[in-house]
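Since the structure comes first, as structure tokens, the remarks are kept for the end.
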Amino acid sequence: MKNTLILLLVLLTMLSCKKETTSPKTKFSVTLSTAIDTTSIDGRLLLMFSKNPDAEPRFQINDGVKTQLIFGKNVEGLKPGETITFTDEDFGYPIDSLSKIPSDTYYVQALLHTYETFNLSTGHTVKLPMDNGEGQQWNKSPGNIYNDPVEISFSTESSITENITIDKIIPPIEEPKDTEWVKHIKMKSEKLSAFYGRDMYLGAHILLPKDFDKHPEAKYPLMVFQGHFPSDFGNWRTTRLDPNMKSEYSDRFKVDGYNKVLEQEAYDFYERWISPDFPRMLIIEIQHPTPYYDDSYAVNSAAQGPYGDAITYELIPYIEEQFRGLGEGWARFLYGGSTGGWEALAVQVKYPDEYNGCFAACPDPIDFSAYCLTNIYEDENAYFYQGDFAKLEVPSKRDYLGQISSTLRKGNHLELVLGDKSRSGQQWDIWEATYSPLGDDGYPQRIWDKYTGDIDKEVANYWKENYDLRHILERDWSKLGDKLKGKIHIYCGDMDNYYLNNAVYLMEDFLENTSEPYYDGEVTYGDRAEHCWNGDPTEPNHISRLRYNSMYLPKIMKRINESAPKGADLSSWRYE
């Protein structure tokens with residue numbers, strides 16, 4: 001017994017004498033250069049690490065397995081010469097803490113995504129990243145401040161303190177110039193300006209029909225090509241392909257020389273456009289970036305304001321007045337893919353008398369019980385399938401063979417690093433900014449906890465009543481049916497990369513069971529087709545996606561001939 005007591009005393013003495021150990025601390029400081037001409041800046045400060053020297057770290061951040069590292073935190077009132085420090089507590093992606101970064105040599109870069117202050121008509125004051133002509137791209141937005149990557153070697157086995165200085169400003173983007181065929185307009189929106197408490201603008205690229213100036217008597221139907229932010233009118237060129245153009249490989253489509261395919265298709269469309277039998281119409285691509293994304297989703301929303309009304313009742317009539325549009329609902333058509341596919345269908349549903357048909361390809365989720373792979377009404381968590389003893393991460397992206405390349409949790413955690421309060425400028429956040437009610441702080445309410453994935457059922461119900469297109473059609477078919485008969489056309493690949501076909505199946509189930517009236521449209525699927533199949537079974541996806549501006553024309557002309565009111569102008573625009 002005596003020996004045991006002596007041994008215990010010795011052990012206690014040794015433990016009391018042992019120096020307390022702490023984990024190594026990692027700190028990276030970022031200083032705003034005194035050469036930056038500003039008083040103070042608000043924004044999201046991003047710190048990036050890359051092991052790949054082929055491109056700047058800011059261009060290597062994504063939700064796939066090849067992503068590099070990024071950490072983010074808000075800054076307010078940052079002045080030149082001041083320093084912000086990142087520590088182990090700051091959240092990162094795909095590694096969540098600086099302390100967990102493997103010891104190695106990295107190319108390190110920081111970028112400050114700048115915010116502006118908006119005094120909304122709702123009474124809220126919010127800080128948001130204004131688009132600066134780039135289409136809400138944080139890594140290339142003019143005015144953002146960054147540094148050239150610096151090479152730093154460190155070991156996380158010891159404490160680390162490093163400092164870098166951001167001293168470069170991304171320059172302004174030159175706006176496209178008018179040509180004989182393509183015109184560019186920008187107009188102040190009174191509706192949006194009132195909402196945001198400052199001047200807000202909408203823009204568009206307008207493709208003019210052949211001999212527009214030679215036929216001043218002609219007035220034209222309008223085709224609205226919905227989609228992501230267009231820097232200029234896309235897939236259009238008036239000169240033949242350079243035979244010496246160097247071939248480039250498309251990793252997405254696994255096609256060599258795809259850059260040549262793009263340019264040849266653009267020229268082929270020009271030749272169709274000027275051919276004698278091509279209907280003379282106006283085609284527009286709209287610029288409507290918001291402080292949350294590269295476009296507004298073309299509908300009114302609590303957080304983004306009245307973009308739907310601004311586009312339909314301000315921008316469209318302005319364009320038709322300037323470029324001799326017919327200016328009536330029977331002569332307007334909507335089409336687009338992905339985001340543009342959802343917009344085409346949503347605008348047709350919400351403004352049924354203002355447009356005469358929509359062609360929605362691979363639309364973003366049009367039934368939120370199939371919000372990709374999440375049922376926001378029944379599932380408790382968006383990130384995991386959960387059982388009593390196991391759970392499985394919900395995928396977010398696949399190829400046509402079903403191979404998974406990302407998960408819902410990963411994509412949302414990346415967005416959480418890029419910006420809190422739905423300010424990442426990425427896909428899941430714009431759906432919140434469009435569909436969610438406004439929170440007490442003036443920002444969109446979360447559909448789910450961004451970190452855990454737990455779904456908010458009250459927000460889900462708000463989404464259902466206001467933006468779930470299948471639910472809205474089913475709820476209001478007695479009012480909408482006659483106005484939408486013959487106007488709805490939906491196309492989707494049955495192996496869409498983002499599982500968007502699931503919601504299309506549910507929409508088809510409803511539409512095919514409509515009566516009084518029957519919807520009299522079409523829902524078509526591409527066999528093994530990925531995102532964004534748009535309805536042509538005779539061509540591969542990488543070709544048909546380049547032909548939006550002509551592939552729906554036969555159906556548009558048929559619709560015009562069948563539905564134009566008595567006395568409508570069907571001839572002034574039908575010249576050779």
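Using modelled backbone amide H atoms (1.01 Å from N, in-plane), which distant-in-sequence or interchain residues come within less than 5 Å of residue 283's amide H?
207, 223
For the chain, give me the percentage of DSSP beta bridges that are antiparallel, rounded to the nearest 5 percent.
DSSP beta bridges in the chain are roughly 65 percent antiparallel.
With a ≥ b ≥ c taken as the square roots of the eigenvalues of the C-alpha gyration tensor of the range 31-163, please select rounded if a/c is under 1.5 and otherwise prolate if a/b is larger than b/c or oblate if it is not?
In terms of gyration-tensor shape, prolate.
Which whole-Hz couplings ³J(HN,Hα) result when phi for each residue of the range 293-300 is put into the Karplus expression 6.51 cos²θ - 1.76 cosθ + 1.60, θ = phi - 60°, listed in order with x for Gly and Pro?
Result, ordered by residue: 6, 7, 7, 8, 6, 6, 10, 6 Hz.
Report the label-to-label distance for residue 458 and residue 25 in nanometres (one decimal), using points 7 Å from each Cα along the Cα→Cβ vector.
Label-label distance for residue 458 and residue 25, simple model: 4.0 nm.
So what does residue 113 come to for accessible area, using a 1.4 Å probe and Å² rounded to 10?
Rounded to the nearest 10, the figure is 10 Å².
For residue 511, what charge total do you get from the other residues with a beta carbon under 13 Å from its beta carbon, if Lys and Arg give +1 and Asp and Glu give -1?
Result for the local shell: -4.
Assuming a ≥ b ≥ c are the square roots of the Cα gyration tensor eigenvalues, decide whether the range 507-567 counts as rounded (a/c under 1.5), prolate (otherwise, with a/b larger than b/c) or oblate.
Oblate.
Which one of 448, 71, 339 has its Cα pushed farthest toward the positive end of the charge dipole of the chain, where Lys and Arg give +1 and Asp and Glu give -1 at the Cβ?
Farthest along the dipole direction, towards plus: 71.
With a sphere of radius 11 Å drawn around the Cβ of residue 533, what net charge do the other residues whose Cβ falls strictly inside it have (Lys, Arg +1; Asp, Glu -1)?
Once all neighbours under 11 Å are counted, the net charge is -4.
Excluding residues on the same chain fewer than 8 positions from residue 457, give the lysines whose Cα lies under 20 Å from its Cα.
Those lysines meeting the cut-off are 421.
Measuring from label point to label point, each 7 Å out along Cα→Cβ, what is the residue 440 to residue 232 span in nm?
5.0
What part of the accessible area of the chain, given as a whole %, is carbon or sulfur when the probe is 1.4 angstrom?
48
What is the local net charge at residue 222, summed over the other residues whose Cβ is closer than 9 Å to its Cβ (Lys, Arg +1; Asp, Glu -1)? Intermediate results must be reported in sequence, preceding the final value.
On the way: positive: 332; negative: 320.
Around residue 222, the surrounding residues sum to 0.
Can you order the peptides 358-370, 510-522 by their average number of other Cβ atoms within 10 Å per residue, highest first?
358-370, 510-522
Would you work out the charge dipole size for the range 462-576 about its Cα centre, treating the Cβ of every Lys and Arg as +1 and the Cβ of every Asp and Glu as -1, and quote it to the nearest 20 debye?
Charge dipole, the range 462-576, about its Cα centre: 480 debye, nearest 20.
Could you go through the range 327-335 in sequence order and give the Karplus-derived ³J(HN,Hα) for each residue, using 6.51 cos²θ - 1.76 cosθ + 1.60 with θ = phi - 60°, rounded to whole Hz, and x for Gly and Pro?
The phi angles translate into x, 10, x, 5, 10, 10, 9, 10, 7 Hz.
Kindly point out which whole DSSP H helices in the chain project their C-alpha atoms 18 angstrom or further along the helix axis while averaging a Kyte-Doolittle hydropathy of 0.0 or above.
2-17
Rounded to the nearest whole Å², what accessible area per residue is found for the chain with the 1.4 Å probe?
Values: 25770 Å² over 576 residues.
Roughly 45 Å² per residue, with all protein chains present.
Could you rank 299, 65 by how accessible they are, 1.4 Å probe, largest area first?
From most accessible down to least: 65, 299.
Which lysines, on any chain, are close to residue 487 with Cα under 26 Å apart, when same-chain ones fewer than 8 places away are left out?
In chain and number order, the partners are 219, 350, 464, 479, 555, 558, 566.
Go ahead and run the numbers for FRET between residue 38 and residue 67, Cβ-Cβ distance against an R0 of 41 Å, rounding to 0.05.
Efficiency at R0 = 41 Å is approximately 0.85.
Mind ordering 549-556, 568-575 by average Cβ neighbours within 10 Å, highest first?
Descending mean neighbour count gives 549-556, 568-575.
Under a point spin-label approximation (7 Å from Cα along Cα-to-Cβ), what is the residue 318-residue 524 distance to one decimal in nm?
Placing both labels 7 Å beyond Cα along the Cβ direction yields 3.6 nm.
Per 5 Å bin, what percent of the C-alpha pairs of the range 445-526 does each bin hold, from zero upward?
3, 13, 19, 18, 18, 14, 10, 4, 1, 0
Given H placed 1.01 Å from N in the peptide plane, which residues other than close sequence neighbours of residue 250 have an amide H under 5 Å from its amide H?
255, 256, 257, 258
Only four residue types carry charge here, +1 at the Cβ of Lys and Arg and -1 at the Cβ of Asp and Glu. Report the dipole size of the chain about the Cα centre in Debye, rounded to the nearest 20.
Taking the Cα centre of the chain as origin, the dipole is about 640 debye.
The values are calculated or read from the model by the stated rules, or taken from the named source; none is laboratory data. Predicted model only: the values in this text are computed from it and were never measured. Every residue, glycine as well, gets a Cβ built from its backbone with ideal geometry; the counts of neighbours run over all protein chains shown. With ligands, DNA and RNA removed, areas are computed over all heavy atoms of the protein, side chains included. Shrake-Rupley method; radii C 1.70, N 1.55, O 1.52, S 1.80 Å.
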